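> I'd like to ask some things about the structure below.
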Amino acid sequence: MSARGDSGPQLVTPSLLRDWRLPAPGEDKYSRGSVLVVGGARNTPGAALLAGTAALRAGAGKLTLAVAESVAVQVGVALPECGDIGLPETSDGSVTAEGVDRISANLDSADAILVGPGLDDPDLARELLEALLAREEAAGSSGDAAGDRQAGGKHDDGGPGSGASGREGGPAVVLDAFALAALAELEDRVGPWRGRLILTPNPTEAGILLGRDPEDLETDVAEIARRFGAVVSCQGLIARAPGVGPEESGLWKITTGYGGLGTSGSGDVLAGAIAGVRARGTTGAQAACWGTHLHAAAADRLASRMGPLGFLARELADELPALMLELGT
Ligand SMILES: NC(=O)C1=CN([C@@H]2O[C@H](COP(=O)(O)OP(=O)(O)OC[C@H]3O[C@@H](n4cnc5c(N)ncnc54)[C@H](O)[C@@H]3O)[C@@H](O)[C@H]2O)[C@@H](O)CC1
Ligand SMILES: Nc1ncnc2c1ncn2[C@@H]1O[C@H](COP(=O)(O)OP(=O)(O)O)[C@@H](O)[C@H]1O
């Protein structure tokens with residue numbers, strides 16, 4: 001099914017989502033997938049909490065938050081449903097790349113890894129991504145499990161009606177916030193993640209990925225997807241790169257949401273919701289379309305109850321289960 005006709009992007013309507021059903025809940029938390037969030041500097045632990053909460057509200061079965069060690073205990077208490085891991089940090093509380101060893105087992109077992117919410121240092125974020133990519137490159141060259149997954153993995157990222165599972169190609173990698181600025185500097189090293197990368201830039205971050213100011217967002221989001229071999233969700237537009245799915249490319253647009261979504265922490269909730277849906281076994285495009293719709297529909301719902309401004313990002317996450325129920329999944 002072509003996602004983009006001559007008239008532009010395919011609209012993500014409730015009826016399209018009903019035809020593009022989420023995986024059945026399965027028997028236990030393991031069948032609903034696990035999410036690892038890497039972020040949460042000492043000054044911004046809330047971003048990791050918001051993202052993790054959204055992942056669970058979107059139905060993910062297990063959650064681990066890897067955050068600066070000075071705030072890890074508090075994060076674990078604030079969200080008792082998560083496992084938490086303390087990462088090495090600078091004297092300012094910024095997470096450093098040395099922590100990758102501490103999350104090695106989680107990187108191997110997670111279905112979706114979300115990097116970025118609450119990272120606060122551009123240089124350290126780049127070093128963290130470099131360390132994660134180096135680990136992938138080493139796994140690929142030694143032919144171990146992770147490398148086999150990449151080599152043999154299938155990235156059948158079909159559109160509505162596709163029964164493709166997103167798990168077979170290895171863990172999805174969702175990047176947000178400072179991890180996006182870091183990725184812009186690592187374009188030539190992104191190979192191991194191509195086909196399982198999801199990017200959630202706001203328009204500022206889209207400009208950083210493009211290396212110029214955005215002009216026409218439909219064209220620009222598709223360009224970012226193509227350059228990074230990714231699915232991209234930006235301001236209600238979702239693009240899938242050629243080669244990520246069985247079709248050339250795809251472009252979708254959500255029909256819900258408005259400027260009230262621009263509230264502190266909203267982007268963290270969006271990234272977490274997409275990671276949560278992806279971990280359940282969807283494809284990248286399905287996760288991005290579903291997560292972006294749910295995030296925006298949650299804002300519409302809150303606005304109708306509370307008014308157009310003043311709702312909190314964490315309240316967006318709380319709306320997700322009922323919205324999924326209404327869509328029959
Ligand atoms: N409750 C919380 O703890 C919250 C934490 N947040 C976190 O705060 C951090 C900043 O997010 P904002 O949306 O305020 O980002 P900004 O509006 O400061 O910047 C937008 C983007 O520009 C890039 N950027 C910013 N400064 C840069 C620099 N010096 N060098 C290179 N690139 C740079 C990054 O990609 C960043 O995401 C993120 O980690 C985000 O997750 C926010 O999401 C708000 C809520
Ligand atoms: N007018 C709008 N239409 C659709 N989505 C919007 C609109 N304004 C904001 N959003 C969504 O809200 C998100 C806000 O995220 P962001 O600005 O990154 O928040 P934060 O960094 O504080 O978490 C955007 O990424 C976008 O998905």
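The values are calculated or read from the model by the stated rules, or taken from the named source; none is laboratory data. Since we're looking at a predicted model, the values are computed, not measured. Please note: Cβ atoms are built from the backbone with ideal geometry, for glycine as well, and neighbour counts cover all protein chains shown. Keep in mind that these areas ignore ligands, DNA and RNA; they rest on the heavy atoms of the full protein, side chains included. Shrake-Rupley method; radii C 1.70, N 1.55, O 1.52, S 1.80 Å.
One line per residue, one yes/no per condition, for (1) over 18 Å from residue 278 (Cα atoms); (2) modelled with pLDDT of 95 or more:
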residue	(1), (2)
6	yes, no
22	no, no
34	no, yes
78	yes, yes
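> Can you tell me which residues in the range 261-278 are open to solvent by 10 Å² or more (accessible area, probe 1.4 Å) and either within 14 Å of ligand 1 (Cβ to nearest atom) or over 10 Å from residue 35 (Cα atoms) (or both)? Spell out the reasoning first.
Quick first cut of the range 261-278, residues open to solvent by 10 Å² or more (accessible area, probe 1.4 Å) only: 261-265, 267-268, 270, 278.
Result: 261, 262, 263, 264, 265, 267, 268, 270.
> If I filter the range 145-166 for residues that are open to solvent by less than 20 Å² (accessible area, probe 1.4 Å), in a helix (DSSP H, G or I) and modelled with pLDDT of 95 or more, do I get at least one hit?
So far as the range 145-166 goes, no, none of its residues is open to solvent by less than 20 Å² (accessible area, probe 1.4 Å), in a helix (DSSP H, G or I) and modelled with pLDDT of 95 or more.
> Here's a follow-up. Looking only at helices (runs of 4 or more DSSP H) that fall completely inside the range 17-111, which ones have 1 or more residues that are over 21 Å from residue 267 (Cβ atoms)? Walk me through how you get there before you give the answer.
On the way: elements: 45-57, 72-78, 104-109.
In the range 17-111, the matching helices (runs of 4 or more DSSP H) lie at 72-78, 104-109.
> Do we find that residue 270 is closer than 24 Å to residue 45 by Cβ, within 15 Å of ligand 2 (Cβ to nearest atom) and aliphatic (A, V, I, L, M) in this structure?
Values: closer than 24 Å to residue 45 by Cβ: yes; within 15 Å of ligand 2 (Cβ to nearest atom): yes; aliphatic (A, V, I, L, M): yes.
The answer is yes for residue 270.
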